[in-house]
Amino acid sequence: MPVNPDLVGRAFPPTPPYLVGREKVREFARAVFSDDPQHLDPEAARALGYGDVVAPPTFPIVLQD
C-alpha cells in the first residue's frame, strides 16, 4: 500500500513517549532482518554502552492518517 500523497509535507504534533519491552524490540529486529547483536542480546548492547537492547532505526516510525 503506497503512502497517501496528501500526507507529504504535513506536520504532526509529537506524541508522548511510551515504554517498549525488550521482546518487542527483538521481534521488530527479526521482522526487518536485523541480526546485529545490539538489537537482540542485552549483553552485547551493554558492551556498547546501552542499558538494554537497542531498537533498529526504523522502529519509531509510525505512519498515521
message: P(r) for the chain, please, calculated from all Cα pair distances in 10 Å bins and given in %.
response: 19, 40, 27, 14, 1
- line: Along the dipole axis of the chain (charges at Cβ: +1 for Lys and Arg, -1 for Asp and Glu; origin at the Cα centre), the most positive-end residue among Pro60, Gly9, Leu40 is Gly9
message: Angle check, please: helix 22-31 long axis (alpha carbons) against the longest principal axis of the chain (alpha carbons), in degrees 0 to 90, nearest 10.
response: 70 degrees
Over the chain: helical MRE at 222 nm, DSSP H runs n ≥ 4 each giving -39500 (n - 2.57), nearest 500: -7500 deg cm²/dmol
message: What's the magnitude of the charge dipole for the chain around its Cα centre, counting Lys and Arg as +1 and Asp and Glu as -1 at the beta-carbon? Answer in Debye, nearest 20.
response: 120 debye
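Where a number appears in this text, it was derived from the coordinates with a stated rule and is not lab data. Quick caveat: nothing in here was measured; it's all calculated off a predicted structure. Glycine also receives a Cβ, built like all others from the backbone with ideal geometry; neighbour counts cover every protein chain displayed.
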